[in-house]
Amino acid sequence: MDKKLKEEIHRMVDEIEDEATLFLLKEDIVMYQTASDETLTDEQTKELNEAIEEAEKGDVVSYEEYQNHINEWKKKLSSQSDS
């Protein structure tokens, strides 16, 4: 395990002040952690079922909208690190 990489990631997370950004980061981390775990918690199963229902109803975001959101988020992070 690369200790320097972990330290760098910890430092970067510690510098994030935006709560929405932290929430998105947490969701991503949880996704990667659960991807390696074959079982889901009751809460994860509930959230997954809700997401499936939303998708079936057409309550979705296009890939283009998603990409725009991610690009805006990256710009915001970049401007924060430049400050």
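The values are calculated or read from the model by the stated rules, or taken from the named source; none is laboratory data. Computed from a predicted structure; not experimentally measured. With ideal geometry, Cβ positions are generated from the backbone for all residues, glycine too; neighbour counts draw on all protein chains shown.
Could you please let me know if VAL13 is touching a helix residue (DSSP H, G or I) at 6+ places or on another chain (Cβ under 9 Å), modelled with pLDDT of 90 or more and among the aliphatic types (A, V, I, L, M)? Reasoning before the result, please.
On the way: touching a helix residue (DSSP H, G or I) at 6+ places or on another chain (Cβ under 9 Å): yes; modelled with pLDDT of 90 or more: yes; among the aliphatic types (A, V, I, L, M): yes.
When the stated conditions are applied, VAL13 passes them.
Considering segment 31-70 alone, what residues qualify as being within 24 Å of GLN80 (Cα to Cα) and hydrophobic (A, V, I, L, M, F, W, C)?
Listed by number, the list holds a single entry, ILE70.
Being at pLDDT 90 or above and of a type in the set (S, T, N, Q) is true for just one of GLN67, GLN44. Which residue is that?
Details: GLN44 fails: at pLDDT 90 or above.
Within the list GLN67, GLN44, the selection yields GLN67.
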